[in-house]
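Right, one structure below, let's go through it.
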Amino acid sequence: MKGCWNVIFLTLLIAGTGMAQEPLVFDDAGLEARYLILTKEFRCLVCQNQNLADSDAPLAHDLREEIYEMLQAGKTDDQIRAFLVDRYGDFVLYRPPVKPNTVALWLFPALLLGVGAIIVLFAVRRQKRQPVDEETEHEE
């Protein structure tokens, strides 16, 4: 029975080391700074509410590695952005550019805020126009 537990333990140990990720090593501090900025600029396509730098999703890991390799190959930030946008669309950007297909992303929050302000304005005006409470009328 003890041999069975050893086999299970070794299997789990080997499986755990297979999932370990090697840290990305930068020779240049400037490249590392660019890498950190870029990974915070892109959205994780799996999590959608996290950037690539903060996500633990396997796809985010792959994209971080891809960005690392492109930086090591001498690609510029704009080339890296263009590559990711071509592959995944504007959704990968936390700040998508204003285009006909992204106008709703930019206008919807302002429109929603405006509608909310109008509703509050009408509610306040309506409250002011209501007659005095019945209790105060009965007291007189």
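The values are calculated or read from the model by the stated rules, or taken from the named source; none is laboratory data. What you see is a predicted model, and the numbers here were worked out from it, not measured in a lab. Note that we place each Cβ from the backbone using ideal geometry, even for glycine, and neighbour counts take in every protein chain shown. The area values use the complete protein model at the heavy-atom level, side chains included, leaving out ligands, DNA and RNA. Shrake-Rupley method; radii C 1.70, N 1.55, O 1.52, S 1.80 Å.
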Test: residue in the stretch 70-85 that is under 17 Å from the mean Cα position of the chain (by Cα) and basic (Lys, Arg): yes
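Each row is one residue, and each column tells you yes or no for (1) aromatic (Phe, Trp, Tyr); (2) under 23 Å from Leu52 (Cβ atoms); (3) open to solvent by 60 Å² or more (accessible area, probe 1.4 Å); (4) in a loop (DSSP other than H, G, I, E, B).
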residue: Met70; (1), (2), (3), (4): no, yes, no, no
residue: Lys75; (1), (2), (3), (4): no, yes, yes, yes
residue: Val85; (1), (2), (3), (4): no, yes, no, no
residue: Trp106; (1), (2), (3), (4): yes, yes, yes, no
residue: Ala110; (1), (2), (3), (4): no, no, yes, no
Report whether or not Ala117 is at pLDDT 90 or above and more than 18 Å from the chain's Cα centre (by Cα). yes
Residues of the stretch 87-104 being surrounded by fewer than 13 Cβ atoms within 10 Å (Cβ to Cβ), farther than 15 Å from Glu41 by Cβ and in contact with an Asp or Glu (Cβ under 8 Å, 6 or more places away or on another chain), in sequence order, are Lys99, Asn101
Count - residues of the stretch 87-104 that are outside any helix (DSSP H, G or I) and not aliphatic (A, V, I, L, M): 9
Going through the stretch 52-68 one residue at a time, which ones are open to solvent by less than 20 Å² (accessible area, probe 1.4 Å) and touching a residue at least 12 places away in the same chain (Cβ under 8 Å)? Leu52, Ala57, Ala60, Leu63, Ile67
Residues (open to solvent by 100 Å² or more (accessible area, probe 1.4 Å) and over 28 Å from Pro96 (Cα atoms)) located in the stretch 112-124: Ile119, Phe122
Within the stretch 46-79, residues of a type in the set (A, V, I, L, M) and either closer than 17 Å to Phe26 by Cα or out of contact with any helix residue (DSSP H, G or I) (no Cβ under 6 Å at 6 or more places or on another chain) (or both) come out as Ala53, Ala57, Leu59, Ala60, Leu63, Ile67, Met70, Leu71, Ala73
Within the stretch 24-65, count every residue that is part of a loop (DSSP other than H, G, I, E, B) and out of contact with any Lys or Arg (no Cβ under 7 Å at 6 or more places or on another chain). 16
